[in-house]
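What follows is a single structure, written as structure tokens, with notes after it.
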Amino acid sequence: MKSPEANRVVKSPAMPESAEEFFETHKDFFENYAADSSIEIKPSPPGLGTFAIDLEKGVMYAEPKFFTEQGYSLDKTMFATLHEFEHFRELRELLSDKNGQKIWKAHIAKIKANRHLEIFDNCFDDIKMNRSVVSRVPSVDQSRRGLYAENLFADQDFTKQPKHLQFSYALLRERMLLGEKCTISPEVRAEIDRLENIKSGEVSLLDYASDPNTPMALRLELQRRFLEPVLEKFFKEDVKEKEKENEGEGGGEEGEGEEGEGGENENGGEEG
């Protein structure tokens with residue numbers, strides 16, 4: 001059972017001068033948040049400038065300026081920090097399983113070889129990570145909503161994006177901002193609606209796969225069986241469309257479809 005302190009985020013009116021100041025201000029909160037795991041949260045060493053993990057020591061080094069310099073308020077920075085902690089916690093749990101190392105290595109090789117799959121995996125896994133944070137600290141839910149509505153996905157019209165990115169971004173934004181439908185291609189909407197209607201009893205596939213209690217290995221298997229075929233279908237269509245555009249313009253390099261507009265997530269996506 002968690003201490004009541006774990007359900008309270010202390011807010012400061014000013015941005016932290018350093019990682020040390022940020023952690024000193026919220027030391028009790030972080031200790032309570034991490035109390036039921038084998039992972040510690042420590043300030044990032046000077047000069048690192050980003051988040052890092054030490055698997056052997058079980059330490060996540062966090063750098064709040066990674067977020068505050070992007071214009072995040074302090075409460076959103078807190079939420080994003082806890083989000084990254086959940087990524088580390090999920091990985092540690094996977095690697096503690098019998099086949100965890102094998103599953104992780106295969107997954108990393110797969111997404112590193114396919115940029116569009118890496119973006120999708122980031123988006124869908126973020127749903128689970130955010131649900132994990134809110135389930136443990138309900139008081140940060142408003143920060144989560146603000147982060148996605150104001151910073152990461154302020155524009156909910158994705159029709160200018162390739163369809164495989166529309167699919168990835170809409171899945172994430174709509175589950176983070178329930179009741180707000182994104183503007184996407186009819187084909188993409190039809191597939192998302194179809195996936196929403198795949199249920200076991202009263203639980204939908206998308207809810208179960210992104211549930212905080214669903215093991216990472218199972219989440220990856222459900223992705224592979226049900227979601228990745230949809231992603232790949234849209235990706236192939238996007239590549240063909242890009243090739244036609246290039247032919248119409250008198251040429252162009254092959255393979256632009258994989259990244260194209262999707263090489264960088266201009267609307268948002270993974271926090272860090």
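The values are calculated or read from the model by the stated rules, or taken from the named source; none is laboratory data. If you're wondering where the values come from, they're calculated on a predicted model, not measured in any experiment. Methodologically, a virtual Cβ is constructed for each residue, glycine included, from the backbone with ideal geometry; neighbour enumeration extends over all protein chains shown. Note: areas computed on protein heavy atoms with side chains; ligands, DNA, RNA excluded. Shrake-Rupley method; radii C 1.70, N 1.55, O 1.52, S 1.80 Å.
For this structure, a couple of remarks:
- Counted residues, the stretch 139-162 - those being assigned to a helix (DSSP H, G or I) and more than 22 Å from residue 204 (Cβ to Cβ): 10
- Flag: residue 130 matches the condition of being modelled with pLDDT of 95 or more and polar (S, T, N, Q).
Let's see how each residue does on (1) among the β-branched types (Val, Ile, Thr); (2) in contact with a strand residue (DSSP E or B) (Cβ under 9 Å, 6 or more places away or on another chain); (3) under 30 Å from residue 146 (Cβ atoms):
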{"site": "165", "(1), (2), (3)": "no, no, yes"}
{"site": "185", "(1), (2), (3)": "no, no, yes"}
{"site": "194", "(1), (2), (3)": "no, no, no"}
{"site": "200", "(1), (2), (3)": "no, no, no"}
{"site": "211", "(1), (2), (3)": "no, yes, yes"}
{"site": "222", "(1), (2), (3)": "no, no, yes"}
{"site": "226", "(1), (2), (3)": "no, no, no"}
{"site": "230", "(1), (2), (3)": "yes, no, yes"}
{"site": "235", "(1), (2), (3)": "no, no, no"}
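- Near pairs, Cβ below 6 angstrom, 6+ apart or cross-chain, from the stretch 63-78 (touching a residue at least 24 places away in the same chain (Cβ under 8 Å) and farther than 14 Å from residue 144 by Cα) to any residue that is polar (S, T, N, Q) and open to solvent by 40 Å² or more (accessible area, probe 1.4 Å): 63/50; 66/50
- Screening the stretch 52-62 for residues that are modelled with pLDDT of 80 or more and crowded, with 17+ Cβ neighbours inside 10 Å and picking the one that is nearest to residue 21 (Cα to Cα) gives 61.
- Residue tally, condition over 21 Å from residue 226 (Cβ atoms), assigned to a helix (DSSP H, G or I) and in contact (Cβ under 8 Å) with a residue 60 or more places away in the chain, over the stretch 87-114: 3
- Output for the stretch 153-169, where each listed residue is within 22 Å of residue 240 (Cα to Cα) and of a type in the set (Gly, Ala, Ser): 168
- Near pairs, Cβ below 8 angstrom, 6+ apart or cross-chain, from the stretch 225-237 (in a helix (DSSP H, G or I)) to any residue that is β-branched (Val, Ile, Thr): 226/198; 234/188
- Pairs meeting the criteria (first residue in the stretch 129-150 and without any contact (Cβ under 8 Å) to a residue 24 or more places away in the chain, second residue open to solvent by less than 20 Å² (accessible area, probe 1.4 Å), beta carbons under 7 Å, at least 6 apart or on different chains) are 134/140.
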